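The values are calculated or read from the model by the stated rules, or taken from the named source; none is laboratory data. Computed from a predicted model, the values in this text were never measured in an experiment. All Cβ positions, glycine included, derive from the backbone under ideal geometry; neighbour counts span all protein chains shown.
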């Protein structure tokens with residue numbers, strides 16, 4: 001499978017698309033005003049302890065207080081490793097199994113209001129919920145994840161060769177500082193002791209710097225910020241499978257080259273600077289696929305379709321035959337539709353970054369053999385998904401219950417906001433997203449428009465945003481194309497409607 005990274009960078013937004021066989025598989029978006037905080041380390045202050053929930057609220061300087069579970073306070077490896085994608089625990093089990101573990105002490109015995117605590121963000125604020133944090137710091141490197149507060153060695157479950165696991169474990173055991181822990185990432189498979197030692201030295205030095213900085217800081221405050229989205233994607237998903245990186249910014253291109261020379265000098269990958277007039281995501285056909293990922297209905301090639309509904313508690317996916325009538329009998333038609341839907345569902349879960357509890361309503365299948373075939377196909381389709389999934393058997397009603405690890409917001413919640421026209425029952429694109437779409441449309445058309453002056457007609461809310469917070473984007477376009485752009489508010493416009501006129 002051919003993999004590529006396509007990166008679109010502007011002064012206000014960076015979008016990174018992972019392409020598999022020419023189609024977008026994952027999308028990462030970071031806006032300069034809304035940068036993600038997973039991996040950031042804060043000096044926080046406990047503001048409320050909740051014995052009934054065995055959790056605490058911690059002020060880390062954000063709008064919403066962060067949430068800390070009791071398991072994230074203690075040396076509880078399962079809680080630590082859920083934060084590290086692709087990691088599996090390697091511990092010596094007791095003869096009695098997990099039931100021999102002592103019960104967790106009450107959280108009120110561990111934390112008190114006003115107490116200062118060093119914590120790391122494990123999950124972004126999602127919806128109405130604040131960030132989830134852990135007191136067990138994890139510092140990701142290229143090949144390893146360093147856990148300075150935990151005495152433990154873990155190996156990625158994606159490394160299947162037992163001899164390789166033992167080799168890596170012995171290397172880490174010999175070079176790690178006493179009393180600390182490491183999780184060996186999938187990227188470490190086949191790497192030499194020299195490569196792993198370099199990662200260890202870098203991460204240990206980083207932790208010493210963090211520990212030194214926290215001594216002079218007063219809670220709540222940020223102690224350490226994780227990498228930007230481009231560097232994070234390069235660190236976490238760039239492997240030998242990725243053949244090419246295409247980026248449309250000279251500055252970003254140079255930064256990627258420096259990053260790879262510093263952290264991945266042995267990795268062979270083509271880095272291309274895209275300098276064509278057509279926007280890079282248009283050239284690769286990605287804007288169409290992103291727009292499709294915001295839709296509620298997704299059509300299948302056969303004529304069937306799936307409906308995707310996201311709610312606060314769960315996500316529902318409904319499979320329908322639609323226009324597909326089959327060629328032989330009803331049972332074969334249903335099986336073919338369900339198998340086709342399986343591939344599309346796995347694709348949409350990754351692209352939309354849907355997480356949490358997911359209920360899939362396949363079309364009812366009478367034969368047990370067919371149900372098992374669809375279930376096996378779903379498991380196979382999700383093998384390339386780095387987010388941890390757990391799938392239960394298909395019920396007689398054709399329902400599948402599954403979970404998918406959720407760390408960041410879905411694309412729908414990132415690019416959209418509650419619709420003012422339907423009182424929050426649906427979604428429209430956010431004002432910021434629309435402003436950036438306006439910028440992209442101007443870039444597409446401005447070269448072909450005559451004259452020196454353009455008039456942009458938009459909804460008053462978008463006009464206010466362009467006059468204020470996004471004014472620099474208009475000024476950047478005016479300077480680049482040497483044309484004057486005036487903005488006119490149209491109260492009768494739908495919020496997503498805009499026109500670009502000459503003069």
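Which count do you get for residues in segment 38-71 that are over 17 Å from residue 217 (Cβ atoms), part of a loop (DSSP other than H, G, I, E, B) and in contact with a strand residue (DSSP E or B) (Cβ under 6 Å, 6 or more places away or on another chain)?
The number of residues fulfilling the criteria is 2.
Within segment 32-39, is there a residue that is outside the structural domain of residue 354 (by TED's automatic domain parsing) and under 15 Å from residue 237 (Cα atoms)?
For segment 32-39, residues outside the structural domain of residue 354 (by TED's automatic domain parsing) and under 15 Å from residue 237 (Cα atoms): absent.
If I filter segment 209-232 for residues that are closer than 14 Å to residue 264 by Cβ, touching a helix residue (DSSP H, G or I) at 6+ places or on another chain (Cβ under 7 Å) and surrounded by 19 or more Cβ atoms within 10 Å (Cβ to Cβ), do I get at least one hit?
Taking every residue of segment 209-232 in turn, at least one turns out to be closer than 14 Å to residue 264 by Cβ, touching a helix residue (DSSP H, G or I) at 6+ places or on another chain (Cβ under 7 Å) and surrounded by 19 or more Cβ atoms within 10 Å (Cβ to Cβ).
Could you tell me which of the residues 378, 382 is closer than 30 Å to residue 133 by Cα and either assigned by TED's automatic domain parsing to the domain that holds residue 17 or under 24 Å from the mean Cα position of the chain (by Cα) (or both)?
Of 378, 382, the one residue that is closer than 30 Å to residue 133 by Cα and either assigned by TED's automatic domain parsing to the domain that holds residue 17 or under 24 Å from the mean Cα position of the chain (by Cα) (or both) is 382.
Condition check ((1) assigned to a loop (DSSP other than H, G, I, E, B); (2) in contact (Cβ under 8 Å) with a residue 24 or more places away in the chain; (3) farther than 24 Å from residue 30 by Cβ) across all residues:
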site	(1), (2), (3)
444	no, yes, no
451	yes, yes, yes
457	no, yes, yes
463	no, yes, yes
466	no, yes, no
473	no, yes, no
486	no, yes, yes
500	no, yes, yes
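Looking at segment 330-364, which of the residues that are part of a loop (DSSP other than H, G, I, E, B) and within 20 Å of residue 396 (Cβ to Cβ) is farthest from the chain's Cα centre (by Cα)?
364
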